[in-house]
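The values are calculated or read from the model by the stated rules, or taken from the named source; none is laboratory data. These numbers come from a predicted model, not from an experiment. Please note: Cβ atoms are built from the backbone with ideal geometry, for glycine as well, and neighbour counts cover all protein chains shown. Heads up: the accessible areas ignore ligands, DNA and RNA and are worked out on the full protein's heavy atoms, side chains in. Shrake-Rupley method; radii C 1.70, N 1.55, O 1.52, S 1.80 Å.
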Amino acid sequence: MSTLMSGNEAFARGAWEAGVKVAAGYPGTPSTEILENLSKYDDLYCEWAPNEKVAFEVSAGACLTGVRTLTTMKHVGLNVAADPLMTLAYTGVAGGFVAIVADDPGMHSSQNEQDTRQYAHFARIPVLEPSDSQEAKDFLKEGYEISEKYLTPVIVRSTTRVAHSLSLVETSNRKPSSVAEFKKDPQRFVPIPAWARAMRVKVEKRYHELTAAANKSPLNRIEWADKKLGIVACGIAYQYVKEVWPEASVLKLGWAYPFPDELIKEFAAGVEELLVVEELDPFIEEHLKVMGIACHGRDVVPGIGELSPTALMASRAKLEGRPFELPQPVPESKDLPTRPPVLCSGCPHRGIFYSLAQLDVIVTGDIGCYSLGVMKPLGSLDTILCMGGGITMAHGMDKAGEKRPVVGVVGDSTFFHSGITGLLDISYNRGKSTIIVLDNRTTAMTGHQDNPGTGKTLMGESTVAVAIDEVAKACGIKRIVTVNPYELENVQKVLREEIAANEPSLIISKAPCLLLSKQRMAEPFMIDEDICVNCGTCLGLGCPAIEARGDKPTINTLSCTGCSMCEQICPTQAISQMNRK
Amino acid sequence: MVGVGGQGILLASAIIANAAMLSGYQVKTNEVHGMAQRGGSVSGQIRYGHEVHSPLVAVGTASVIGSLEHVEALRMAPFLAPNGLCVVNAQEVIPVTVSMGAAAYPEDTHERLTRVFSNLIEFDAAAIAAANGSVRAANVALLGAMSTGLDLTEEAWHEAIAKCVKPKFVDINLKVFAAGRDYKKA
């Protein structure tokens, strides 16, 4: 029976069918729903780890007992987990080990574009690329077979459009999972230099065995059709190719690395002209050129952003040397206002960013909803680098001798992810930065996952809720203040005091994400237009519930959550709660 | 399906996909998660037929566009096929960019919609939803009107709604759907 599943639901189903026993990951769009769905299945263990390195290592440890394990993350998460990846490639695995890594071409919800296939090349391990939900499930299962046959970690590369597209999937039953039993074998699992040198040779030998296997794998296939043009395609790009070049011969590479050279040669020899269509890096194209095979690729297919049928229609025209004009936007849709994502109405982060914007400070930010604090009118973020970077970059600016005060901002989940080591650095190295943890009791941006501070696990069990102030104290921070971000006057006062202090301090802004509680804080507010002098102060909050079309602002009572921040800052007291009128 | 984060675009997209599947078609959809959902423009794309490869709709090929918001309908205009149906909810959601004076919300969206879409249903989906039991079902009222431009059976729609919404809201949603579907006739 076929079921409509997203790629991420299909990955979860595949992991369950493959008999996976342990799965660990860290939330990150577009990978998050894999573990959320997997945790609903029986007979396996799933967890949100504090970060991707931890998740990777948990899965690596589990696989050495002989059971099948999964780790999931987004592309930037693999940077964090790159350390264990590179050496697990040496020691190899016992039970099957697959890392599903989701790339985000077009940066729908990411700070950069990365092509995870480069990591497979870097570590000399296989990478599989499904192009729809059925393949997501099937390729993951095949990944475990490859992993166990060649004792190698395997990467399955997903992308946004594979992860979040629904398509039909045939399901099957679960393979019984192995029983955990670690077998002592230090020459295999301990890469001290003497043994690691032997492992290095084995990695190379395995690479050649994998190449031979990829040549014969059913994941790679030639679809012969018109031989004037042959297209090498993988992942979601394959689907677009089938729409845009329905007549062409296609070499579909589901197992693109190690490169199936023999298959590539056979295909190239059978067609008059060759084109490679792949998303992000010219990974296959460059290899073809190394092999001495002439092909088109980046000369006609864009390498920045994501591909689409529309983009490839332009590529096809370019390849055929004819002009192509995208349907022009009608005049009526030319001057439309943009609608960027914003902090939600009633978001607790708004109180902190509004207050920071009133001060002459530099703000180093982090990854999460609060990155939206960079948008005008709040405009209070100055930098973002990576998770945890909000803390450490503040310390770096401070040590460089920056004259203006620097305030670092992180979220609760990012604090646990990689903020703690940064805080330790500030305290150990006699820093004096002010750090704010926006503790909204959830991992909000990715859709409200639990984290070490929430008191709940991915599997729904209650657990210790790690207190941020206690962690900070243990790191050696002496000045720790907790504020309610909705009390703007107090927030301002605390900010001034802590910034002025000549020692490190941590401000915890504690208030739950309103999207999570799905409740209004109080009755909605309204603006009395007779009292309002249209000074625009309330608009400085950037609250989506306060609407203005050039005239006096009004409050959209459907979206107002009653947080009262606008009432607090209105200089003419024109704003009050509806039921008080 | 397009609109603003929080309007129920993803649920409506799931209903269309299921109705297509229950009608025996292959179906693929696409939607945006994560940051884009925070009050930004949200869209869900559905493609169905006897053979479907791409989950993304190419420009100029959509049979129907349903929008819960005026400006978002205009933004998506290039995707509609010639003579395709556009259904628009009579709602204007002012983006923060407009409130802070960095952009203007056009005053003449109704005129623009009429000029751009030759086959247009413009109606107050929220009012129809409210009149039939729940103001929150505006997305399903919109679906009802959209269904007049799609070759899927009424039974498939009903079954898809029953599958996608919580059991206690099925009856209300069926009623709202029927009212939306009948709007054009009325």
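Every test in (1) part of a loop (DSSP other than H, G, I, E, B); (2) open to solvent by 20 Å² or more (accessible area, probe 1.4 Å); (3) more than 7 Å from every other protein chain (Cβ to nearest Cβ); (4) of a type in the set (A, V, I, L, M, F, W, C) is passed by B:I46 save one, and that test is (1).
Filtering the range B:52-69 for residues that are in a helix (DSSP H, G or I), hydroxyl-bearing (S, T, Y) and open to solvent by less than 50 Å² (accessible area, probe 1.4 Å) leaves an empty set. Of all residue pairs spaced 6 or more apart or on separate chains, those with beta-carbon atoms under 9 Å, a first member in the range A:474-495 that is among the aromatic types (F, W, Y) and a second member that is open to solvent by 30 Å² or more (accessible area, probe 1.4 Å) are A:Y486/A:M521; A:Y486/A:Q568.
Being modelled with pLDDT of 95 or more, out of contact with any Leu (no Cβ under 7 Å at 6 or more places or on another chain) and open to solvent by less than 20 Å² (accessible area, probe 1.4 Å) is a condition met by no residue of the range A:105-115. Just to be sure, is A:T29 more than 15 Å from the chain's Cα centre (by Cα) and among the β-branched types (V, I, T)? Answer is no for this residue.
Can you pull out every residue in the range B:152-186 that is within 15 Å of B:C86 (Cα to Cα) and not aromatic (F, W, Y)? Once the filter is applied, which keeps residues that are within 15 Å of B:C86 (Cα to Cα) and not aromatic (F, W, Y), the range B:152-186 yields B:G180, B:R181, B:K184.
Table: residues versus (1) more than 26 Å from the chain's Cα centre (by Cα); (2) aliphatic (A, V, I, L, M); (3) not assigned by TED's automatic domain parsing to the domain that holds A:I426.
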position: A:A444; (1), (2), (3): no, yes, no
position: A:A465; (1), (2), (3): no, yes, no
position: A:K478; (1), (2), (3): yes, no, no
position: A:V483; (1), (2), (3): yes, yes, no
position: A:Q492; (1), (2), (3): yes, no, no
position: A:I499; (1), (2), (3): yes, yes, no
position: A:P504; (1), (2), (3): yes, no, no
position: A:S509; (1), (2), (3): no, no, no
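Yes/no per residue for (1) over 22 Å from B:G5 (Cβ atoms); (2) touching a strand residue (DSSP E or B) at 6+ places or on another chain (Cβ under 8 Å); (3) among the hydrophobic types (A, V, I, L, M, F, W, C); (4) touching a residue at least 24 places away in the same chain (Cβ under 8 Å):
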position	(1), (2), (3), (4)
B:H70	no, yes, no, yes
B:M76	no, yes, yes, yes
B:V88	no, yes, yes, yes
B:V96	no, no, yes, yes
B:R115	yes, no, no, no
B:L120	yes, yes, yes, yes
B:D124	no, yes, no, yes
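Of the listed requirements (1) free of Cβ contacts under 8 Å to residues at least 24 places away in the same chain; (2) open to solvent by less than 40 Å² (accessible area, probe 1.4 Å); (3) over 24 Å from the mean Cα position of the chain (by Cα), A:R339 misses just one: (3). Looking at A:A248, A:A269, just one residue is surrounded by fewer than 16 Cβ atoms within 10 Å (Cβ to Cβ), more than 15 Å from A:V127 (Cα to Cα), over 28 Å from the mean Cα position of the chain (by Cα) and not hydroxyl-bearing (S, T, Y), and that residue is A:A269.
Inspect the range A:428-442 for any residue being assigned by TED's automatic domain parsing to the domain that holds A:T364, surrounded by fewer than 19 Cβ atoms within 10 Å (Cβ to Cβ) and not in a loop (DSSP other than H, G, I, E, B) and give the result as yes or no. Within the range A:428-442, one or more residues are assigned by TED's automatic domain parsing to the domain that holds A:T364, surrounded by fewer than 19 Cβ atoms within 10 Å (Cβ to Cβ) and not in a loop (DSSP other than H, G, I, E, B). Counting only strands (runs of 3 or more DSSP E) wholly contained in the range A:227-295, the ones carrying 3 or more residues that are farther than 15 Å from A:R117 by Cα and touching a residue at least 24 places away in the same chain (Cβ under 8 Å) occupy A:248-253, A:273-277.
When B:E111, B:E122, B:E92 are screened for being in a loop (DSSP other than H, G, I, E, B), over 22 Å from B:T29 (Cβ atoms) and more than 8 Å from chain A (Cβ to nearest Cβ), only B:E92 passes. Taken together, the residues in the range B:162-185 that are under 16 Å from B:G8 (Cα atoms), open to solvent by 100 Å² or more (accessible area, probe 1.4 Å) and assigned to a helix (DSSP H, G or I) amount to 1. Taking the numbered list (1) surrounded by 14 or more Cβ atoms within 10 Å (Cβ to Cβ); (2) facing chain B (nearest Cβ under 7 Å) in turn, A:H349 passes all entries but (2). Hey, any hits in the range A:314-326 for a residue that's acidic (D, E), within 12 Å of chain B (Cβ to nearest Cβ) and open to solvent by 10 Å² or more (accessible area, probe 1.4 Å)? Scanning the range A:314-326, I find at least one residue that is acidic (D, E), within 12 Å of chain B (Cβ to nearest Cβ) and open to solvent by 10 Å² or more (accessible area, probe 1.4 Å), so the answer is yes. Examine the range A:10-18 for a residue that is open to solvent by less than 10 Å² (accessible area, probe 1.4 Å), among the acidic types (D, E), assigned by TED's automatic domain parsing to the domain that holds A:Q187 and at pLDDT 95 or above, and state whether such a residue exists. There is at least one residue in the range A:10-18 that is open to solvent by less than 10 Å² (accessible area, probe 1.4 Å), among the acidic types (D, E), assigned by TED's automatic domain parsing to the domain that holds A:Q187 and at pLDDT 95 or above. Can you spot a residue in the range A:401-414 that is in a helix (DSSP H, G or I), more than 14 Å from every other protein chain (Cβ to nearest Cβ) and over 30 Å from A:C566 (Cβ atoms)? Scanning the range A:401-414 turns up no residue that is in a helix (DSSP H, G or I), more than 14 Å from every other protein chain (Cβ to nearest Cβ) and over 30 Å from A:C566 (Cβ atoms).
Among the residues of the range A:357-378, is any more than 24 Å from the chain's Cα centre (by Cα), within 12 Å of chain B (Cβ to nearest Cβ), buried (at least 19 other Cβ atoms within 10 Å of the Cβ) and of a type in the set (D, E, K, R)? Checking the range A:357-378: not a single residue is more than 24 Å from the chain's Cα centre (by Cα), within 12 Å of chain B (Cβ to nearest Cβ), buried (at least 19 other Cβ atoms within 10 Å of the Cβ) and of a type in the set (D, E, K, R). All conditions in (1) of a type outside the set (D, E); (2) touching a strand residue (DSSP E or B) at 6+ places or on another chain (Cβ under 6 Å); (3) at pLDDT below 90 hold for B:Y48, with the sole exception of (3).
Within the range B:30-40, the presence of at least one residue that is at pLDDT 90 or above, within 11 Å of chain A (Cβ to nearest Cβ) and closer than 30 Å to A:Y238 by Cα is confirmed.
Selection of the range A:382-399 for residues being open to solvent by 10 Å² or more (accessible area, probe 1.4 Å) and over 20 Å from A:G77 (Cα atoms) yields A:D382, A:H395, A:G396, A:M397, A:D398, A:K399. Among the residues of the range A:492-529, those identified as of a type in the set (S, T, Y) and under 30 Å from A:V406 (Cβ atoms) are A:S505, A:S509.
Pairing each residue of the range A:94-114 that is closer than 18 Å to A:P153 by Cα and within 14 Å of chain B (Cβ to nearest Cβ) with any residue that is basic (K, R) and buried (at least 22 other Cβ atoms within 10 Å of the Cβ), provided the two are 6+ apart or on different chains, yields C-beta distances under 7 Å for A:A102/A:K74. Among the residues of the range A:278-295, is there at least one that is of a type outside the set (D, E, K, R), touching a His at 6+ places or on another chain (Cβ under 8 Å) and at pLDDT 95 or above? Yes, there is a match, as at least one residue in the range A:278-295 is of a type outside the set (D, E, K, R), touching a His at 6+ places or on another chain (Cβ under 8 Å) and at pLDDT 95 or above.
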